[in-house]
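Down below is the structure, laid out as structure tokens.
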Amino acid sequence: MIDTTVHIRRATSDDLDAVAVLHAEARATYYRGHIPDAAFEGPEELARTRAGWTRAIDEGRVLVAREGGPDGELAGVAAYGVTDGVMNLSQLHVSPARWRGGVGTALHGACVEAWRVAGVDCARLEVFEKNERARAFYAARGWSADPDTPHVGNHFVLRLTLAPEAE
């Protein structure tokens, strides 16, 4: 029997290669056919992607979801951080082969828990307008249009207000 338990932990530099590959694979699934391929693949984009993920991992802002144990196969990745005083979920990618298997829900829950521990009461994210699957995912978890900035380019801006935990 295969262990499909999802283990979430902070990413380390050892995760970088797998994270960059997953990032490219996931982005291609929702951007292809909507924007030029060069915007999400190719050597220049891979170098930019690796540099961004390296910074985020070094700053401790990345969670990885691995199946079957802490060092199992990478199934998903999430990155977040504060920008202009606001918590932003900048990335949440699940391997397309593992969609609808609970990985995204587990990663999202881990992010929300980390934000609560840090005293965050509101978070934002941008989601590609053509990515209906992701938009439905976030809506089901309480995200709604940001009333201050509902749209940036070809992305919707969503906001999640975190309810205080019950005492």
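Some values worked out for this structure:
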{"read-out": "Over the chain: helical MRE at 222 nm, DSSP H runs n ≥ 4 each giving -39500 (n - 2.57), nearest 500", "value": "-11000 deg cm²/dmol"}
{"read-out": "R9-E132 FRET efficiency (beta carbon distance; Förster radius 35 Å; 0.05 resolution)", "value": "0.70"}
{"read-out": "Region 75-167: C-alpha gyration tensor shape, a/c 1.5 cut-off, then a/b vs b/c", "value": "oblate"}
{"read-out": "Region 118-157 shape via C-alpha gyration tensor axes, a/c threshold 1.5", "value": "oblate"}
{"read-out": "For H23, H155, order by how many other beta-carbon atoms lie within 10 Å, fewest first", "value": "H155, H23"}
{"read-out": "Nonlocal amide H pairs with D146, under 5 Å, H built at 1.01 Å", "value": "V157, L158, R159"}
{"read-out": "Burial order of peptide ranges 114-123, 91-100 (average beta-carbon count within 10 Å, highest first)", "value": "91-100, 114-123"}
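Just so you know, all these numbers are worked out from the coordinates, no wet-lab data involved. Just so we're clear, the structure is a prediction, and the values are computed from it rather than from any experiment. Here Cβ is always computed from backbone atoms with ideal geometry, including for glycine, and neighbour counts include all displayed protein chains.
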